[in-house]
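Since every read-out is calculated from the coordinates, none of them should be taken as a lab result. Given the structure is predicted, the values throughout are model-derived calculations rather than measurements. Here Cβ is always computed from backbone atoms with ideal geometry, including for glycine, and neighbour counts include all displayed protein chains.
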Amino acid sequence: NSEHTEAIESVTACYDDWNTKDIALTDCEYSSSDPEVAIVNIVGNEVWVRAVGTGDAYILVSYTEGDLWTGKMTETDIVGVFVN
């Protein structure tokens, strides 16, 4: 069975000046590079990555720093999901 679920427990933003900041999980957006391999479910304040097929997928976690009008988008973390 290829179905397996893991929680994303924390997200840390890493800035150009090497400073870091913990980001609330619900302040982020999540997308899978291959939804036939892994999907992301947000349940309340928890974020779960679920393997749904065999292969490789990456989960891109991003969040917007400050005002949406600035258009500044920061990629904060890439989580690798490998399912055999």
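Counted over the stretch 1-47 with a bin width of 5 Å, the fraction of Cα pairs per bin, in whole percents, is 5, 17, 23, 21, 17, 10, 5, 1, 0.
With a simple spin-label model that places each label point 7 Å from the Cα along the Cα-to-Cβ direction, the separation between THR20 and GLU6 comes to 1.8 nm. Can you give the FRET efficiency for TYR58 and ASP27, using 1/(1 + (r/R0)^6), R0 = 22 Å, r = Cβ-Cβ distance, to the nearest 0.05? Efficiency at R0 = 22 Å is approximately 0.65.
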